């Protein structure tokens with residue numbers, strides 16, 4: 001398994017954006033499950049993923065599939081008292097950094113709860129003032 005994917009499994013649920021940032025390409029693109037807009041850039045994506053790690057509880061990866069630059073990591077978690085399952089679709093760049101990070105999740109009710117929790121956190125985080133245009 002690729003070292004970036006191994007490290008990602010270790011740090012993604014910790015909610016520490018400084019650990020996540022080291023795995024991301026400078027121009028990483030993040031496609032969240034909560035709305036159809038792409039976050040771009042290491043600082044913004046690391047901050048978003050840091051908050052996600054704090055909103056999710058009981059997070060664990062169940063299966064990892066892939067090779068080379070393309071990976072799918074199936075996970076389960078809770079958002080509040082709601083259960084969810086999802087898949088992180090990861091594309092690595094030539095340097096082994098995460099270039100594209102797309103998340104698909106179900107069920108719909110949990111995604112709504114995630115969107116509400118994330119909006120509340122992001123809107124109260126002063127780092128996001130400069131990213132406000134990306135909030136759609």
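Laboratory data are not the source of any read-out in this text; all were calculated from the coordinates shown. For clarity, every value in this text was computed on a predicted model and none was experimentally measured. Note: ideal-geometry Cβ built from the backbone for every residue, glycine included; neighbour counts use all protein chains shown.
Go ahead and run the numbers for FRET between residue 27 and residue 81, Cβ-Cβ distance against an R0 of 30 Å, rounding to 0.05. Before the final figure, lay out the partial values.
Values: r = 37 Å, r/R0 = 1.24.
Here the calculated transfer efficiency is 0.20.
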Expected sort for 6, 90 with the fewest Cβ neighbours (10 Å cutoff) up front is 6, 90
In whole Å, what is the distance between the alpha-carbon centres of the range 11-36 and the range 39-88?
-> 9 Å
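Out of all DSSP beta bridges in the chain, what portion is antiparallel? Express it as a percent rounded to 5.
Details: 29 of 33 bridges.
If we restrict to bridges inside the chain, about 90 percent are antiparallel.
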When you have a sec, figure out the Kirkwood radius of the chain from all distinct Cα pair distances and drop it here in Å to one decimal?
-> 14.8 Å
Calculate for the chain the 222 nm mean residue ellipticity that helices alone would give, adding -39,500 (n - 2.57) per DSSP H run of length 4 or more and normalising by residue count, nearest 500 deg cm²/dmol.
-> -10000 deg cm²/dmol
Dividing the mean separation of Cα pairs under 8 Å (6+ apart) by the residue count of the chain yields a relative contact order in percent of 24 percent
Based only on the alpha carbon positions, what is the Kirkwood hydrodynamic radius of the range 51-123, in angstrom?
-> 13.1 Å
